[in-house]
1. Counting only other residues whose beta carbon sits under 15 Å from that of ARG39, what net charge do I get with K and R as +1, D and E as -1?
2. As a check on your grasp of the helix formula, calculate [θ] at 222 nm for the chain: sum -39500 (n - 2.57) over DSSP H runs of n ≥ 4, divide by the residue count, round to the nearest 500.
3. Would you work out the relative contact order for the range 1-44, in percent, from Cα pairs under 8 angstrom that are 6 or more residues apart?
4. Of all alpha-carbon pairs in the chain, indicate the percentage at a distance above 36 angstrom.
5. What is the distance in Å between the Cα centroid of the range 144-162 and that of the range 296-336?
6. Convert each backbone phi in the range 35-43 into a coupling constant with the Karplus relation 6.51 cos²θ - 1.76 cosθ + 1.60 (shift: θ = phi - 60°), then list the ³J(HN,Hα) values in order as whole Hz, x for Gly and Pro.
7. What net charge do the residues around TYR102 carry, taking every other residue with its C-beta under 15 Å from that of TYR102, with Lys and Arg at +1 and Asp and Glu at -1?
8. Would you work out the relative contact order for the chain, in percent, from Cα pairs under 8 angstrom that are 6 or more residues apart?
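Please treat every number below as a calculation from the coordinates, not as lab data. All values reported here derive from a predicted model rather than from experimental measurement. Virtual Cβ from ideal backbone geometry, glycine too; neighbours counted across all protein chains shown.
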Amino acid sequence: MASTEHYVIIGNGVAGNEAACHLRQRDPESRITIITAGRLLFYSRYELPRVFHESCDWRDFLVNPIEYYVKNRINVRRNSFVTHVDAHRKTLNLAHKEEISYSQLLVASGGASYLPAELSDFAPLLNHFNLYSAACKVRDILPSKGKIVMLGGDVLGLDLARNLLKEGYKIILVATEQTFWPHRVDSDERALFLGALRDMGVEVIEEVKIEQIQEGAPGMSARHVIFDDGREIFADVVMPFLGLLPAADFMMGSGVDFERGLLVSTNLRTTDQNIWAAGDVCQIWSSQENQYRFYYGWKNVKKMGEIAARNMTGDDILWETATDHKMYLDENKQIISPYWEHD
């Protein structure tokens, strides 16, 4: 008998695609739909620094070729924005007024770049690096060996910094409380790691606040950054790397418990029996810490996708972290983060 299940996955990243793969293996006759606001198929954002030192286009970044989705009958709805989920009716609505029914729903919509309120007025002058199109825009506007002001410096930003330094670009890091996010470092460790960044060639500015970010004058550097201590920096781009916020506004009013992210038990089920969550969007209950917490990184997120899929199809597997969360210095005094490791 053919399966009547329709698994709908919101999000086209690591967790969503890993879940789709396992759902297809475990329920060969089911319907599987991935809904994504993006225009491209699944690619790894961890690979985006490659745009600076390789001649490639978007196809070279795809994790799976287009034929993979056809062969496995995974319907990817691109450029589709979810506006609301109705857990009671088991439906979701898209921005263009379409309604989609599901048997079980996996929310794997990831995280959006965090920008604190004090920087919101300067948002039009900032360049992000979270999408292929955004990465290409930065590449195209940066002159050879240009200058980048990096705000915060979370692990994705630091990964980009170490790649850009190899290509001869100049990096100025404005350190904030989000520096090294999502790692938690004490004051002694922070000084040690900031020193390692300086040894790498990063110029680190500490204990300052940004007063203004302005557009540069014609013929001059494109950005002018003014600090509260009177210092000024001229640069080609200003890029925020201040961590992530769960991208799940569409779940407000759905009836599913939500704090900073979707709250899930250790088997990744939300407070609704037909809705699950995986990846940067969810907070998983930790009995050891007696609280909900986020887990980041390619390996963790990939494992969440597999566990969610298996539990959606009858298993009851409990979450255990797939990687250590400790950042450290290797024998060459280079910063190593497990969040930079992926396959």
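1. On the way: positive: ARG45, ARG59, ARG77, ARG78, LYS137; negative: ASP57.
So the environment of ARG39 carries a net charge of +4.
2. Working: 6 runs with 70 residues, N = 343.
Per the formula, -6500 deg cm²/dmol.
3. On the way: 53 pairs, mean separation 23.2, N = 44.
That works out to 53 percent.
4. On the way: 14411 of 58653 pairs.
Above the 36 Å cut-off, the chain has 25 percent of its Cα pairs.
5. Distance between centres, Cα-based: 25 Å.
6. After applying 6.51 cos²θ - 1.76 cosθ + 1.60, I find 10, 9, 6, x, 9, 9, 6, 4, 9 Hz.
7. On the way: positive: ARG31, ARG77, ARG89, LYS90, ARG269; negative: GLU5, ASP27, ASP86, GLU98, GLU99, ASP272.
Surrounding charge for TYR102 is -1.
8. Numbers: 696 pairs, mean separation 66.4, N = 343.
Taking the mean separation of contacting Cα pairs over the length of the chain, I get 19 percent.
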